[in-house]
Amino acid sequence: MSKKLKTASLCVHAGYKPKNGEPIELPIIQSTTFKYDNSEEMAMLFDLKKEGYFYTRLQNPTNDAVAAKIAALEGGIGAVLTSSGQAANFYAVFNICEAGDHIVTSNEIYGGTFNLFGVTLKKLGIECTFINPDASEEEIQQAFRPNTKAMFGETVSNPGCRVLDIEKFARIAHRNGVPLIIDNTFATPVNCRPFEWGCDIITHSTTKYMDGHATQVGGCVVDSGNFDWNAYADKFPGLCSPDESYHGLTYTKAFGKMGYITKLVAQLMRDLGSIPSPHNSFLLNLGLETLHLRMRQHCGNAQKVAEFLSGDSRVAWVNYPGLKESPSHALAEKYLPGGSCGVMAFGLKGNRDTAIKFMDALKMINIVTHVADIRTCVLHPASHTHRQLSEEQLRAAGIAPDLIRLSVGIEDADDIIDDIRQALDNL
Ligand SMILES: *Cc1c(COP(=O)(O)O)cnc(C)c1O
C-alpha cells in the first residue's frame, strides 16, 4: 500500500484494515477495559513504554481507526477524536496554552468557539484577541504579543460563510513562531486540505458533514507534524520540557513528531476526558464512507439554490462563496475549487417577521438548529439561537436581523427550490 490513495478511496478504505477472516466493516469495541496476562505488561503501558489498549478514555480500537481515517483524509500524521467539536477546539488550544498565555483568532468563527475563547478560556487565564480576518497583515500583526501561543480561524466560517485566506494566516502565525490552527468543519477535507496551505493543526466538529446524518455529536484534532516545537522550546514548555506527571518524560523528545498528539491523549484525555463512545465513532465512520459523494451533492445543490435566491426579487441579499458577487468568491476559487459547502445565508426584503413567515410556510425544509445535514435545514438566528439579543447587539455580533441560515441537503435541487419558491409566494 505505498501508492497514495485519492480522497474518495480514503473515505472508503483509510483507518480500519481488516485482516484475513475479520469483519469488513469497522467493529464496535464497546469495552471500557482491556485484559492483560501479567502486571508487568500493564505497567509498561502506563509508563507509555509500550503501545496497547488499557482504558477507553485513553485509547480504543474503534475510536482510533476513525481518527486514523480523518488523519489520512487531512494528510496529517495523527489525530484524536473528541466527544464534541467544542472539546476539539478546546483541546487543540489548551494542549499548548496555559494561564498567562494568549491566542489570536479570526472573529469570523462559530458562536460556540467565540464564547469558548472569549469567555471560558479567559476564566482559565488564557486571553484572546479577535481580529478581522480581512485586515492587512500589518494590522493583524499588532494583535501578537510575546506570550501569544497560537493563531486560529475557520476555513469557511459558520454562519457567515466567509472563506479564510489560509496562506496569509499561516505566514503571520509562522512569522510569530506559533502554529496556525484551523477549524475545517464546513469545508471538510473533501473540499479543502488546509495542511497543503501551511496550516499546522486542524480541528473538526464531526457532528456536521463528516457524520452528515445527525446521529452523533463529535470532534477531532489532527496534527500535520510540521510545526517545529523545539525551535520555540521556551514558548511551549508543555511539549518541550519534562512532564512531572509522566516521570519527567518530554513529549517532543520521546515521541518526536507525534509529541503534540501524544500529549493531548496522555495528559488532556487522561485528566479531562471528553472521548466519544465507540458506538458514536462507528456511526461517524459510516458517514465518512460517503462524505465525498455527499459533499458533491451538497455543493451542487447549494450552488443552484444560491443562484435561484440571488435572482429572485423578494430576496434582499445572498451570501454564498460560490456566487460571483460574494466577497469570498476569489478566496473560494483558490482554496475550494471543487465547492465550498452547502451552507449559505440570505435575507428577505421586509422585516424580522418576514423571515418568520417565510420559514413557517416551508413544507419539506426543516426548522432546526443543526446544519450540514443530509436534510435541508433552515434557521433564523434572530428568532432562535440569538433571540435574547437586540437589533444593535445582533449587528455587533455580525448577524443581520434578517439573516436566514440555510443548510442545503442532498435532496433533489428542484424540490428544494420549489419549496423555497412556494414559501416566497406565500409572503
Ligand atoms: C458546530 C461547530 C462547532 C462545535 O461543534 P459541536 O460538535 O457542536 O460541539 C465548532 N466549529 C464549527 C465550525 C461548527 O460548525
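Brief remarks follow.
- Taking segment 182-214 as the range and being charged (D, E, K, R) and either over 11 Å from ALA372 (Cα atoms) or not assigned by TED's automatic domain parsing to the domain that holds LYS69 (or both) as the test, the residues that pass are ASP183, ARG193, GLU196, ASP200.
- Scanning segment 382-403 for residues that are surrounded by 19 or more Cβ atoms within 10 Å (Cβ to Cβ), more than 25 Å from ILE109 (Cβ to Cβ) and within 26 Å of the chain's Cα centre (by Cα) turns up nothing.
- From the options VAL318, VAL343, residue that is closer than 22 Å to ASP134 by Cα and touching a His at 6+ places or on another chain (Cβ under 9 Å): VAL343
- Within segment 321-329, one or more residues are out of contact with any helix residue (DSSP H, G or I) (no Cβ under 7 Å at 6 or more places or on another chain) and either under 16 Å from THR7 (Cβ atoms) or in a helix (DSSP H, G or I) (or both).
- Looking only at segment 31-46, and only at residues there that are of a type in the set (D, E, K, R) and loosely packed, with under 11 Cβ neighbours inside 10 Å, the one that is nearest to GLY248 (Cα to Cα): GLU40
- ALA170, sole failed condition from (1) within 16 Å of the ligand (Cβ to nearest atom); (2) farther than 20 Å from GLY259 by Cα; (3) among the aliphatic types (A, V, I, L, M): (1)
- Residue identified as charged (D, E, K, R) and within 15 Å of the ligand (Cβ to nearest atom) among GLU127, GLU138, GLU108: GLU108
Table: residues versus (1) free of Cβ contacts under 8 Å to residues at least 24 places away in the same chain; (2) crowded, with 20+ Cβ neighbours inside 10 Å.
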residue	(1), (2)
ASP183	no, yes
PRO194	no, yes
ALA214	no, no
ASP243	no, no
PHE255	yes, no
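- Residue, farthest from the ligand (Cβ to nearest atom), within segment 61-90, restricted to residues that are of a type in the set (Ser, Thr, Tyr) and crowded, with 21+ Cβ neighbours inside 10 Å: THR62
- Of the candidates THR120, THR155, the single residue that is crowded, with 23+ Cβ neighbours inside 10 Å and either of a type in the set (Val, Ile, Thr) or under 27 Å from ILE261 (Cβ atoms) (or both) is THR155.
The values are calculated or read from the model by the stated rules, or taken from the named source; none is laboratory data. Note that the coordinates shown come from a computational prediction; the quantities given were computed from them, not determined experimentally. Using ideal geometry, Cβ is built from the backbone for each residue, glycine included, and neighbour counts are taken over all protein chains shown.
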